[in-house]
Each structure stands twice: as structure tokens, then as C-alpha cells.
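A.B. asks: So that we are looking at the same thing, I have put the structure below in C-alpha cells.
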Amino acid sequence: MQQNNTKIKILPENLTNKIAAGEVIDRPASVVKELVENSIDAGASEITVVIAEGGKSLIQVVDDGAGMSEADLLLAFQRHATSKIFSYEDLIHIHTLGFRGEALASIASVSRVEAKSIVQGSYSGHLIRISGGVMDGVEGAGGNPGTSITVKNLFYNTPARRKFLRATNTEYRQILKVLNRFFLACPQIAFSFVKDGEIITELQPESLEDRVRSVFGGRIQKNLIPIENEGSVRISGFTGNQDTTRATRGDQYLYFNKRYFTNKSLHYAVLSAYGDIIPKGHYPVYVVFLEMEAEQADVNVHPTKMEIKFANESLVFSSLRGAVKRALSSEEVVPQLSSHQNSHLPHRQPGPFRPNRPDRDWGAAEIDSHSWTDNTLFEEEDFSRGRNEESGSESLTSAKEAFKPTHVWQVHNKYILSQIKNGVILIDQHVAHERILYEQALERFEKRKPSSQQLLFPQIVELSSEDYSVLLDMIPFLEQIGFVLKAFGKNTVVLEGVPSGIKISDEEKILLDIIDEYKRGKRENPDIRDNVAKSFACHSAIKAGDPLSLEAMNSLIDQLFSTKEPYFCPHGRPVLINLSLEELDRRFRRH
């Protein structure tokens, strides 16, 4: 059979490189990951990353590593060319981050690349240019020892792939996530990160503890707990106490021999070690390093090297869980007592059932300094909605009129119980206030008349780079609600005021919670105003566990029944339950 008549053909190299690029390089963050890995493997002590337009138009990584000769530089962009493995034994005992030799060839096949490298001890080297996988030539170049690789116009020759790139800010945050993994893995390396001409991060060599603070912000450092384990599975790093928990999973970092990876089972090992220390739906912050003999794990099971297969995963699981549990049983787990210790911790011990009656003072011992003891918590706003019979105003009004001060109780500092004309009603105080604040926020968006109360002492809030970027998107909308926020540079904002009518005792924590809720909601809710309103309402509302005075409860009830949708919170949870006399009679078998 002649070659031209065969159905099976050998693909040309430029096409196989593009196919490989689809496996290894799917967005700008993938390019950054591969280039920074090479810089670390080259022994760099200083790495600079520069991007423009979220990496879509420019990515540049400059290091002071070993550098490459002209011959090595030319070979580096050939597929399966690598300096890191030469035999199967090398693959089994791999200690470098990169090893397969696919990344540079894949990147060069879908972009325009300039690569300059100068070996250590010299001040002259070589520069090559590659466009779409085709070499444009090589020339001499001078400068400092190390390697600089510039990637321009990613996916310019694969428009179908380029159109799947996300918004510039989204791609930027993906790059930031990748860089944070390297920042934490290599605290001994100095890193600089520049976005569109603005310096985002400048990190000097430092201890791991200081690097964790540099990445996450100053709030976390005093709440870190060291983790240690000796033996065949060596474990080190830090986890946070309950004051550092977040409502998103983004701040969990797991490394094997300095390589970042993901593993649901091992993430659960850390989470389960906390038990009831943290509330459901919250996640601890941790940076954990596992060290084992290289042959005990296979790092070559995934094209992006993000997964690792262990020879004895049950041993790794039990070792990790045990190390975290021991750390959490130490004295360092006790949160720092401060004025910020308040009702945001949701696992309060519930109090006894008791009515809040105006003829009795329950005493300071039963109501702490953060009790909601007056109705200024629920500042009245204009909720005149022009209700009529079609909108259900009659039933709402009759239910509202049934509430009397002597018929209102608080149950376990969580629910409000009241007798109404045809039975009893139970209100979830948190979701009720959430509904009120949500509609207030939407009202303020419509009227564009924010109402703020100035803080006696403005709060300086230091955030991670990712949280700071998210908050910058939110600030115009938070200001319409009543927050007074000013960007202070270097991932820091100054909080000068909060919406009037709410009580906030830990402004920084509320801000972080709002950011977390916003990030979660953004995946499902593209309406930024609605998302901001829900995020604000969820984390500014009174909590389960907050004692309420009789006045505060009645104010809450009045405002709840003035909202458009008093029966459900913004996330769809029920606000109240009505238990009729008929149902009560049936339960007690009264016939």
C-alpha cells in the first residue's frame, strides 16, 4: 500500500505542539506557572513576573538563575527537550518542578516568544525569537546572568482558543493564584509582580511564617499554629485557628516536596482534624508541606502536574490528620482575646428558653456587651411600597398586627417566638435581618443616597492581593450602600464609615466575609449589584446567638413585614414558620 493511500498519518510537529498546548497551556496563568517553575529549577534567587491585559498581550518572567548557552537555548524550545531527566530512574526520583520538556515548545507554538539567556559568570549571551513555533533567528545579547522569557499575544494563531479567555481581571486573578503558590513554596526567593505597569507584590527572602503574613495579610500572623510531624511522612507548615476561617476554599495550600498539588482526601484530612472547632461551611487557612522519599509518589499522573498519586495514601492521610489534631490541641489554638471577639463565632452555647418581658431585667450576666439591646440596630427606612390586596398586604398586615410586646420571646438567642391570632409563629432572627438589609441595600442602589455612620477610629485593613483586587471591583457598590472605603495602596484599604443603622464590632472581619460571599455568589450571579447586596446582608445581619431586647425584636418584626418578600431570605431560606392552632391541637391529640 502506498503512503498516500493510508488513513493513518504522522502529524506535523507544528500541529502536535498546538495539540500539546491544549493540554498544558489553557490560559495565561498556565504560561506563568510553567515559566516560574523553570526559573525555580534554574536555581533563581530573584524572579520578576510582568503581565499586561491579564497576560493576554504580555507575560514576561525574568530570573537570575543558571542561564543557558546558545545550544541549550535553541534546544529548550524543542518538544520533549529537558535537562531534568535522562532515564526512567530519573523520572521515579524527580526533584524538579518541571521535567517533561513540553511547556516551552507548547507556549512558543501559540504565541510570539523572545528568550534571552546568559550563563552565570558571563555578561553576554544570546537572544532568540519564535513566532507560532517557527524560529526567527538567534543573535547575541548582553545583560545580567539569568534568563528572560517574554510571551506576547497568547493564542494569536488559535483564535478559537483565544475567544475562550475570560475578562482581563479574571485572568489576572488566576495568575495571582498561581503566583501565591510559588510565593509560599519558596520563601527564600525574592519575587516581584508587576501588572500593567503597577507593582502588585515585592517580596524579599524571609521565613515561611513571615511569607505567610506577606501573602495573606497581617491579620493572620498572630493566629498561626505550627504543624510538625516526623517519620516517613515529614510534615511542616502552619494552619490557622478559628479566627482565620473563611467562607471560601481558596486559602488552602498543600505541597509535596515543594510542589503544589490538590487532593480532596488530604484536604478533608485537615478539615476533619478541626472537628467542631470551626462552623459548617467555613474552611481553615493552612500552608502544609509534605516531604517523603520521591519514589513514594507519582507526580506524573496529570498533564498539568496538579495531582499526585501516593503509594500509601492512607498513611499520608492519617499522618496529616494526626499532625493537625496535635497542633490544634496545643495552647496556641486559643484565639486572642480582643474587642473583636463577638457574635461572629456562630457556635455559642444556647441559653435557656425565656421570654423577653419588659417588667424584668435579665441582668448583665445573661446579656454580654455586644447584646442588641435597643432598636437603633434596625434603623427605620422608607419601605412604603404601595401595598394593596393583590400584593398580599392584607395577610401581612393582619400577621403584623398580631404581634404584641407581651407575646414575644427569644428562643436560644436564635429564634423569635410569638403568639398570633391563629397559633404561633417562629422567626429566624438572622435571615429576617438579612432580608431587611438586602432590600435596604437595593433601595439605596435605586435612590443613590447612601447613609453612613463614621467610625470613631478608621480601620486600616490589609488584604491578600486577590481579596484586594476583588474589593476594588466592589468599592463603588459598597459606597452606595453606605461604606466609606479608600484604597491605601499595597493591598490595603482604610475603612472610615459603615452603613448607618447596623452595629458592626469587627469591621475587618465583616469586610472579609463580604468579599468571600461575593466571590462565591459571583459564580452563579452575574448581577454585581444584587451580589453585593446579598453579600452585605448576609454578613452584616445579626447572628444566631445574639441576644435581642424586646424593643429590638419588635423593630425587627415591624421592618420584616414591610419588606417585599418577608417569607424568604435573599438566598431562598425560609424566614418564618407558622404553627397553627389546628396543628397544635392535632399534635396534642385534642379532638
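Laboratory data are not the source of any read-out in this text; all were calculated from the coordinates shown. These figures come from a predicted structure and were not determined experimentally. Glycine gets a Cβ as well: all are built from the backbone with ideal geometry, and neighbour counts include every protein chain shown.
A.B. asks: Residue by residue, what Karplus-based ³J(HN,Hα) values in Hz, rounded to whole numbers, does segment 54-59 have, using 6.51, -1.76 and 1.60 with θ = phi - 60° and x for Gly and Pro?
C.D. replies: x, x, 6, 9, 8, 9
A.B. asks: Looking at segment 420-510, which trypsin sites (Lys or Arg not before Pro) are in a loop (DSSP not H, G, I, E or B) and have at most 11 other Cβ atoms within 10 Å?
C.D. replies: Passing both the DSSP loop test and the Cβ count: K421, R448.
A.B. asks: Counting Lys +1, Arg +1, Asp -1, Glu -1, what net charge surrounds G497 among other residues with beta carbon under 12 Å of its beta carbon?
C.D. replies: Residues close to G497 contribute a combined charge of -2.
A.B. asks: How much FRET efficiency would the formula 1/(1 + (r/R0)^6) give for R586 and H407, where r is the Cβ-Cβ distance and R0 is 25 Å, rounded to 0.05?
C.D. replies: Result of the calculation: an efficiency of 0.65.
A.B. asks: Each residue of segment 288-299 in turn: what ³J(HN,Hα) in whole Hz from Karplus with 6.51, -1.76, 1.60 and θ = phi - 60°, glycine and Pro shown as x?
C.D. replies: 10, 10, 9, 10, 9, 4, 4, 6, 7, 8, 10, 8
A.B. asks: Scan around S464 for amide H atoms under 5 Å from its own, H built in the peptide plane at 1.01 Å from N, and keep only partners 5 or more places away or cross-chain.
C.D. replies: Those qualifying (amide H under 5 Å, at least 5 residues apart or on another chain) number zero.
A.B. asks: OK, next. Amide H to amide H under 5 Å from K258: which residues, 5+ apart in sequence or cross-chain, H placed 1.01 Å off N in plane?
C.D. replies: L290
A.B. asks: Label 7 Å along Cα→Cβ of Q120; segment 144-161 residues with amide nitrogen under 13 Å?
C.D. replies: 145-147
A.B. asks: Give, rounded to the nearest 20 debye, the magnitude of the charge dipole that segment 209-333 has about its Cα centre when Lys and Arg contribute +1 at Cβ and Asp and Glu contribute -1 at Cβ.
C.D. replies: Rounded to the nearest 20 debye, it is 420 debye.
A.B. asks: Classify segment 209-333 as rounded, prolate or oblate, taking a ≥ b ≥ c as the square roots of the eigenvalues of its Cα gyration tensor: rounded when a/c is under 1.5, otherwise prolate if a/b is larger than b/c and oblate if not.
C.D. replies: The shape class here is prolate.
A.B. asks: Also, I was wondering about something else. Which GluC sites (Glu not before Pro) does segment 431-529 hold that lie in a coil by DSSP with at most 12 other beta carbons within 10 Å?
C.D. replies: E524
A.B. asks: First measure r as the distance between the Cβ atoms of A311 and L426, then evaluate 1/(1 + (r/R0)^6) with R0 = 51 Å and state the FRET efficiency to the nearest 0.05.
C.D. replies: Using R0 = 51 Å, I get an efficiency of 0.40.
A.B. asks: Any idea how far the Cα center of segment 241-263 sits from the one of segment 459-519, in Å?
C.D. replies: 23
A.B. asks: If R₀ is 35 angstrom, what is the calculated FRET efficiency for the pair S505 and T170, using the beta carbon separation as r and rounding to 0.05?
C.D. replies: E between S505 and T170, to the nearest 0.05, is 0.55.
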